[in-house]
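These notes concern the structure reproduced below.
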Amino acid sequence: MRPSEYTPEEIIQAGEALQAAGRNVTGFALRQKVGGGNPNRLKQVWDEHLARSSVAEAEPVAELPVEVAEELATVTKALTERLAALAVELNDKAVKAAERRVREVVRAAGEQRELAERELADAAQTVEDLEQQLDSTQEELAATQVRLTEVLEQRQKQAVELAQLRERAAAAEKAANDAALAASRREADLMEQIQQARRAEQAAREREATANGQLLAAMQQHEEDAKARAELHRDLEKARKEAEDGRVHLLAAQARLDGSVHEIEEARQQAREAGAEAKQASSEAAELRGQLAELRAQIERLKPAAKDTHA
């Protein structure tokens with residue numbers, strides 16, 4: 001038998017507290033007051049306490065007369081029999097009512113059990129679906145974590161590459177600026193060299209023109225000398241007659257002819273040198289023009305890269 005949870009003293013104190021509060025002392029009131037326990041037992045303990053208290057406080061009374069005692073016994077017996085019959089009748093009604101209530105409770109319990117079984121089946125199916133969804137969600141979460149890790153690694157690599165690109169862009173911009181500055185300086189130097197080459201070409205052309213003039217003059221002089229030789233040959237006979245005079249004139253003419261030939265050779269040599277210098281100057285000027293065009297093309301190619309770098 002399970003031991004009592006609350007002692008009689010606690011139950012009695014609870015009943016007295018209820019009486020002090022002006023409340024009826026019932027099993028459920030005692031149960032509420034002490035915080036638990038069987039209401040029947042609590043009420044039994046309280047009734048026993050009241051019975052002991054009434055016996056202790058009862059005073060001796062006078063005995064009943066014989067006639068009153070007999071009448072009381074007769075009435076008590078009839079009343080007992082009537083109470084017994086009433087108890088049997090009430091018990092029968094209570095049993096029938098209890099059986100009817102039991103049937104209703106069993107039927108309701110069966111319905112509740114069937115409903116509970118259906119709800120349990122639905123709950124089991126729901127739990128199974130939720131478990132499947134949980135497994136799917138966990139798999140998706142794992143895949144998402146993997147993708148997130150990959151994305152973070154890719155973002156980190158992209159950040160490093162972006163920093164490197166920025167560094168290269170800054171270096172390229174500086175190199176482009178330096179190249180543009182160097183190209184500008186080189187363009188200025190090339191322009192100066194071109195101007196110098198043009199001046200040298202002009203000077204060479206002037207020297208060539210001078211040499212051509214000298215050559216033309218020498219050729220004219222040579223023609224004149226040729227005519228002079230022809231006249232000398234025609235006058236040879238006359239010169240022979242005048243041997244001394246003719247020989248002198250002949251020697252003088254030969255000397256002039258040699259001088260003219262020498263001057264012609266020098267003029268031709270100067271003309272060749274002037275032509276070579278003019279060709280070299282023209283070649284240098286053409287080469288400088290090609291370098292200038294290539295440099296300008298490099299500058300034009302560098303400009304978009306510099307613009308992209310600034311952008």
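Scanning the stretch 23-40 for residues that are closer than 18 Å to GLU5 by Cβ and surrounded by fewer than 17 Cβ atoms within 10 Å (Cβ to Cβ) yields a total of 7.
Matching residues to (1) exposed (fewer than 10 other Cβ atoms within 10 Å of the Cβ); (2) of a type in the set (Val, Ile, Thr); (3) modelled with pLDDT under 80; (4) assigned to a helix (DSSP H, G or I):
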residue	(1), (2), (3), (4)
GLU63	yes, no, yes, no
LEU83	no, no, no, yes
LYS93	no, no, no, yes
ALA98	no, no, yes, yes
ASP122	no, no, yes, yes
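Only one of the numbered conditions (1) surrounded by 11 or more Cβ atoms within 10 Å (Cβ to Cβ); (2) at pLDDT 80 or above is violated by ARG107, and that is (1). On the basis of being surrounded by fewer than 16 Cβ atoms within 10 Å (Cβ to Cβ) and modelled with pLDDT under 75, does ARG272 make the cut? Taking the combined requirement at face value, the residue does not satisfy it.
When GLN164 is tested against (1) closer than 30 Å to LEU302 by Cα; (2) modelled with pLDDT under 80, exactly one condition is not met: (2).
The values are calculated or read from the model by the stated rules, or taken from the named source; none is laboratory data. Model, not experiment: these values are computed from the prediction. Don't worry about glycine lacking a Cβ; one is built from the backbone with ideal geometry, like all the others, and counts go over all protein chains shown.
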